[in-house]
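The values are calculated or read from the model by the stated rules, or taken from the named source; none is laboratory data. Computed from a predicted model, the values in this text were never measured in an experiment. We place every Cβ from the backbone using ideal geometry, glycine too, and count neighbours over all the protein chains shown. Side chains are part of the model used for accessible areas, which takes the heavy atoms of the whole protein and leaves out ligands, DNA and RNA. Shrake-Rupley method; radii C 1.70, N 1.55, O 1.52, S 1.80 Å.
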Amino acid sequence: DGHNALVLFFGGNKSTGVVVGTHHPKSRKKGLEKGEVCYHDDLGQEVYFKRDGLVLKAKKITLIDEAGTTVTLDGIGGGSISSSETFTINGVEFKDGIVKAADIKVGEKSVAEHKHNDPVSGQTSTMI
């Protein structure tokens, strides 16, 4: 079916061969630059070590660091982050369900700029 293999036979003994690598030219990723490596499977999933970074492609991706922080991409545009410490995305801090930011918007309304007028005292107050 077009596969090539490199097999080593220690001491010339043909009963104990070891496959060192295989190659299937039709399914090989094309266009890799010198030094780049790409592991891939028949489902189109790949780990691609490019010259300028790493590309992961899969139906679902889960990253877990030493501290146990987990980032999951669900393959349909969403995902989740689970962390016991503060997690920052674009300058916004998240921890234990609490968001810390200079301002947040609900719809087009800024929470920091949202004001209430007290009908009794006539004073204006902000939420923050």
Applying the selection to segment 19-71, what residues are within 23 Å of Ser83 (Cβ to Cβ), open to solvent by less than 60 Å² (accessible area, probe 1.4 Å), touching a strand residue (DSSP E or B) at 6+ places or on another chain (Cβ under 6 Å) and of a type outside the set (A, V, I, L, M, F, W, C)? Thr70
With within 30 Å of Asn4 (Cα to Cα) and of a type in the set (Gly, Ala, Ser) as the only criterion, which of Gly53, Gly78, Gly107 stands out? Gly53
Residue under evaluation Ala112, criteria (1) surrounded by 12 or more Cβ atoms within 10 Å (Cβ to Cβ); (2) under 30 Å from His3 (Cα atoms); (3) among the hydrophobic types (A, V, I, L, M, F, W, C), criterion not met: (2)
Could you check, for segment 82-100, whether at least one of its residues is under 25 Å from Pro25 (Cα atoms), without any contact (Cβ under 8 Å) to a residue 12 or more places away in the chain and surrounded by 10 or more Cβ atoms within 10 Å (Cβ to Cβ)? no
Do any strands (runs of 3 or more DSSP E) lying entirely in segment 11-128 carry at least 3 residues that are at pLDDT 90 or above, and which ones are they? 17-23, 37-40, 46-50, 53-57, 61-64, 70-73
